Amino acid sequence: MKLAIKLAVSAIVMISAATMANALQLSDYLRNKNTQSDMIQALLMTMGQSYNYANGVLKHENQALLFCAPGTLRIASEQYQIILEDYLRRFPQQDDIAVEGVLLFALVDAFPCK
């Protein structure tokens, strides 16, 4: 089973590397977050759900989680944006980085594992 997870993680890393050109850059997010909010929230929701799925796999395999949201908290798309915005206020980032990574750091910051 651990081999299957390693292969899955490797595939995700390779796909991620291949699609980095298509990543949502922070500069695009900041420029469009108010004018294209539905699209931005859908993207943030997709990113967040992907991290929740990864957490589920890690939990199933008794591995350390990426972040530890309390109980059965279900995070809505608007909440992902609030978490991201709060993180960006406290930790300004360079405009040329991918929002996907910043959102992960924001979730780790908002819901640290104890």
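The values are calculated or read from the model by the stated rules, or taken from the named source; none is laboratory data. Fair warning: this is a prediction, and the values are worked out from it, not measured in the lab. With ideal geometry, Cβ positions are generated from the backbone for all residues, glycine too; neighbour counts draw on all protein chains shown.
Screening Asp95 against (1) at pLDDT 90 or above; (2) surrounded by 10 or more Cβ atoms within 10 Å (Cβ to Cβ); (3) not in a helix (DSSP H, G or I) leaves a single unmet condition, (1). Residues in region 52-66 that are of a type in the set (Gly, Ala, Ser), loosely packed, with under 15 Cβ neighbours inside 10 Å and closer than 21 Å to Ser77 by Cα: Gly56 alone. Residues of region 74-90 that are in contact (Cβ under 8 Å) with a residue 12 or more places away in the chain and not in a helix (DSSP H, G or I): Ile75, Ala76.
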